[in-house]
Every structure is written in structure tokens, then in C-alpha cells.
């Protein structure tokens, strides 16, 4: 238990002697959590280099901390929070099993590392977020498969929200569960059809609100910090967004990038393209492996 | 470069690198820069492949949810089978007879074809001691192959670490949304993707050079950071190859519309592209059939049989049928007696299937006895 709590709050591999000390203290305090945390948070270990920046952010942490570091005061509704976090493997309120998410390194694989960088991109450039057509009908699509789903969409477009597709040839060819169920029970309506109809009617009755994109101003942020040159801007953003510094050749390449975009080292806050350029720079910084660390 | 011919397709080698890897000639529509880098990656992959050829490839197919094995490989002559499956039991006519004692489910025509071709080996009653009927515990044991013990690496991962300690890129490919514990390795960094079109970093083309520098992060002493850097590099090195290989792949074979079909098609595309991958890992979900399982299993097993058959026909077409073995397992079987909802509940053991031209076809091991099984579920004569 002590190890689990320690892992969640501090780091993956606890020091053996410290671990024993912690479990002893947990027992000694009759499993009171408060003195236990007091001990962890006041320990030298908690602030030592072995613990610093060694945890990997969960998808929710990743998105929320990005919002915070951007200084957002209002939670955006676009890109959709639930969509981007579940794309990264964390469907909130819906853990994969009773054990919950494995967390830590299990969040990361070659596909999710790209997706994490892409999520940062969509927050910085919401207009690039891939749009799913008929998002409210995706549940039905999962149930019916593409073939029947397309049939249903076609019928809905013709204004037909009642009938079940007649003539099963297409569905049988597609070998969908639906055809088999309806064949077996001889029914000529279907649950999937009803799920589909309900979703269409719900959206017609209550159209979705206009999306609220993240509101922030990187140019304003840098101007307020009194920065005028590219290297200072890079250092400021790295320090604000990353736990550990980016140095040497890697830092140089970031400086060269933004200087090339701006056509020089001087930041011209009145330039029409300054915000786009700074956001490109920030997207690169958020693409560094360091950004996954918390 | 000398004009070396590829013995397989009789194309000049340079041409082979261009067209063989992606199925389309790169010169035709792609930007010059891309064709250069992609050619050099291709050459690398090709060279790598050549060293080790003829390489054998293992494709692991996980039937997730607990496959009702007895309803796939059916002991149709067993009286107990009929007794315990009064409504779900298949009639003698509605199955593909494999031999005097066993038959395949009526939807497994595709598998029966492979069986007739002598490609299928079936190991009866595979499981592990003191079975745990929870999905994730059982699956975890199958993934680590160390039941009832803590283990953080998977069996595919440990196998790859031991067999290929130099850990070349792309040795393990896991087609999935979330990486399987089975492929977790110490040395290797498995390529993990589901939709190849989404396996790409979004960004302005202007960022390309800077990004490359950014993930070229020297060893930092922070173990987590080094891990993240390694994964970032794997992603960068593999994504373009994966996307091009899968997107450009043309095949006449009717794989079907299931998720397994889609995944096997991706595997065939990567094999065709000359990927140096030795183990592919895919998962086929939906086997947790507690209720009304007839319709669900009709769909699942049709997809399984037809998908496998198309896959092997496709491998034959591209000349790799002798190099590939498919291994199928499920975390547990289901109970022998059907439940009151026309389904079956969690059991213990089940058959394991291996499909390959190199396999000793037929039945192996001993089929579990159905006499005492009832409440206890199937016993497991063959230890997983």
C-alpha cells in the first residue's frame, strides 16, 4: 500500500529503505493517511533529483496542465476534452477494467507519443483538429458496422426515421450481427435502428452549442514578460512549459527555427504572423520528450 | 549501385527497392525529398531483411474475451457435449467435420479449408494451473507466461530480448490502440499503431528539421526521459514506412469486414513491404459471450475463418506463405454447460491453434474430459 501511494505521488521505484520506513509509519499510525503524506512531502527524497521529473503525465494531466500553462481562465469546449483524452488512452469515468489504468510508461507507445504531440497541436491550432462527421452517431456506427450505418444515414437523409432497411441482401453479404439476429428472431425492426433514430432526434431537438476554442495570446504573454529577442523567447517558453531545460544544440535549433520564421532575432509584436510563428515554436517545444514529464 | 536482380521478382534491385517496398513506384507522385529518405530507409530495411533471410515470422492472434473453444473445435460425438449444450450444441449436419471425433463450427469454413490443406495444428485444452476467471488476470498471465507471479515484461518481449539482443528497430509490431503487455520488452521498443493514417505527427512541414534535432536527445541520466526519447525515435523511424506500406497495399483477397480482417491485411502489407518484423501481435475482441451467443459467434467466427484464409491466400500470392505461422489463443475457455441466457460463462482451458505450412497438422494433446467438467469448467491437460 505504501509503495502504491508512493508510486502515484513520487516515482516508479521507491528506495528500499525509505519504502520500509514508510510502511512502518503507515502501520504505526494505524493507517492514518495524513501523517503518512506529511512524511512523504517533507522528505528529502521527495525533492531529490531521483524523484524530480520522473513521472509521466496521464492524458488528463497532460491536457489540463497545458491549459494551465497557457494561462486559460475558461475551460475550452473545442477540441473536445473527452475526445482528445480518450484518444490518448484515458476515457474518463470509463477505466479499462476494475484495476484502472496502468499509468506510467503504459501511457506511452509510438502511436500515443505522436498523438500527445498532436493534441498539443490541436490546442494551439484548433482549426486543424480532425472533425468527425456525425459525432453523435458514432455509438451506432460501432454497433452496426459501416455498411448498415451508411444505409441508416441514407435513410435519415431522406427523412425516413422509422423503417428498418428492408431486403437483407446487403447486410447478409456484410455478415453483420444485425442480419443474423433479425433472421433468427424474424423481427423486422431493430434495436440499432432505434438507437440511431434517438440520436438523430436528440440532436435535432437540441442542436450542439457553438464550440469555444482555447483563448490565449502568446505574443501578449511574451510582451508582458518584457522579451524582445528570439533566444529569450525560447528560454521563457521552455521554462514555462517544461520541467527540465533544453540545452545545447537542441536549444540552438529552436532559436534558429523561430528566427527563420520571423526573419531575424527581433520579435515584432505588431507583425500579423507573430502569433502563428510563436505557436509553431511552442508546438515544437511541446513535442520534446520532456513535455511528457510531470 | 550495380544492377543486381532480385531473384524473387526479377526486377533490378533499385527498382525492387522502389516498388517492392510500397507496391507503388516512388518516383511517380511523391516529393523528391521524401523519395530520398524513404529510399534510404527502404534500403536499410531491405539489407537488414537480407541478412536474416529466410526469416520466419510469427503472428500472434489474441481472441479476447474468452473464446468458447468447445464451440469452435466441436467434440460432436461426445454424448456429454449434447447433454450439456442442449440448445447451443451444433447438430452433426451443421459443422465442418475435421475427423471422426471433432468438427469445426459452421462459420469456420475458411479454417476448414486451411485444415484440408494441412496447415492447421490444434492443441487441445490449453490453460494454466489454478485458473483465475477474471479477464484481465488471465490475460495478464497469458501475456507474461508466468502465471501467479509478478512480471513486468511480456513473453514476446522477453523472447525477442533473448533471441535478438541487438534489438534492431521494427522487430516487434503490435497493431492495437493500446500496447499489449505481451510485447513489453527490456531491449526492444515495439512499433505500436492501430490506424496507420493516424500514426503520424501533425505539424507544419517547416518544423521537420527542428523536430528531428529535438528528439535527438543524448542520454540524460533520467531513465524516464531516455525512455520517452527512445519511443519518440521509434515513432519517427517507423511511421512513414508503416503508412506508406499499408496505404499502398493492393490485394484481391477478400479479407472481410471484421477488425481482425483489417489487422491481418495490415500485417500482410508490412510483410509484403519487406519489414524486418519477426513477431506481429494483434487482438480480436468480442468473445465474451454470456448471452445469445449464436449470432455473435456467427459473426466472430466467420470473420476469423475467412480472415485467416484470405491472409494465407495472400501470403501465397506474395510468395511468403512458407515463412509465416499464426498462433491463436484466448485468455480462457468457457464453461461446458450453457447458461440460461443462451450463452456461456467464464471457464478455464481451450484449444490453441497454430496455422502454418511448417506445422505438424492435426490434433495434439488430449481433449479434456467432459464428464466431470460441468461446474468446474474444463480441466487443462495441456499446460499453457
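Taken together, the values in this text are just the output of simple stated rules run on the coordinates, not laboratory data. Keep in mind it's a predicted model, so treat the numbers as computed, not measured. Ideal geometry is used to build each Cβ from the backbone, glycine not excepted, and the neighbour counts take in all protein chains shown.
A few remarks follow.
- Between residue B:206 and residue A:47, the C-beta separation translates, for a Förster distance of 41 Å, into a calculated FRET efficiency of about 0.55.
- The stretch A:214-268, relative contact order [Cα under 8 Å, separation at least 6], %: 43 percent
- Shape of the stretch B:171-233, Cα gyration tensor, a/c cut at 1.5: oblate
- Residue order, fewest to most surrounding Cβ atoms within 10 angstrom, among B:263, A:235: A:235, B:263
- Per-residue Cβ neighbour counts within 10 Å put B:164, A:107 in the sequence B:164, A:107, beginning with the fewest.
- Were the residues from residue A:20 through residue A:93 laid out at 0.36 nm apart, the gain over their Cα-Cα distance would be 22.9 nm.
- Simple spin-label estimate for residue A:77 and residue A:201 gives 2.4 nm between the two label positions (7 Å along the Cα-to-Cβ direction from each Cα).
- The modelled label-to-label distance between residue B:195 and residue A:275, using points 7 Å beyond Cα along the C-beta direction, is 2.9 nm.
- Rounded to the nearest angstrom and listed largest first, the equivalent-ellipsoid semi-axes of the stretch A:218-292 from its Cα gyration tensor are 19, 13, 11.
- Prolate is the label for the stretch A:1-139, because a/c, from the alpha-carbon gyration tensor with a ≥ b ≥ c as root eigenvalues, is 1.5 or above and a/b exceeds b/c.
- Directionally averaged shadow of the stretch B:270-320, computed from the convex hull of its alpha-carbon atoms, nm²: 4.2 nm²
- Tensor-based shape of the protein assembly as shown (alpha-carbon gyration tensor, a/c under 1.5 rounded, otherwise prolate or oblate): prolate
- Going from the residue with the fewest nearby Cβ atoms within 10 Å to the one with the most, B:93, A:240 rank B:93, A:240.
- Normalised by the number of residues in the stretch A:59-128, the mean separation of alpha-carbon contacts (under 8 Å, six or more apart) gives a relative contact order of 37 percent.
- Dimensions in Å of the stretch A:1-51 - Rg and Dmax from alpha carbons: 10.0, 31
- Peptide-level mean, for A:252-260, of C-beta atoms on other protein chains within 10 Å: 3
- Rg then Dmax, both in Å and based on the Cα atoms of the stretch B:111-177: 15.9, 42.
- Translational diffusion coefficient of the stretch A:59-128 (Stokes-Einstein, Kirkwood radius from Cα pairs, 20 °C, 1.002 mPa s): 168 µm²/s.
- Taking Cα atoms only, the orientation of helix A:16-28 departs from the longest principal axis of chain A by about 70 degrees.
- Along its three principal directions, the equivalent ellipsoid of the stretch B:188-298 from the Cα gyration tensor extends over semi-axes of 34, 19, 13 Å, largest first.
- Between helix A:146-157 and chain A: long-axis angle, C-alpha atoms, 0 to 90°, nearest 10: 70 degrees
- Unit Cα scatterers, Debye sum, chain A: log10 I(q)/I(0) for q = 0.11, 0.13, 0.14 Å⁻¹: -0.88, -1.02, -1.08
- Helix content alone sets the calculated 222 nm mean residue ellipticity of chain A: runs of n ≥ 4 DSSP H residues at -39500 (n - 2.57) each, divided across all residues, give -16500 deg cm²/dmol.
- P(r) of the stretch B:237-285 over all Cα-Cα pairs, binned every 10 Å from zero, in whole percent: 24, 56, 19, 0
- Summarising the label geometry, the points placed 7 Å from Cα in the beta-carbon direction at residue B:100 and residue A:236 lie 8.7 nm from one another.
- Considered as an equivalent ellipsoid built on the Cα gyration tensor, the stretch B:99-240 has semi-axes of 38, 22, 14 Å, the largest given first.
- Computed from Cα atoms, the angle from the helix A:274-286 axis to the main principal axis of chain A rounds to 90 degrees.
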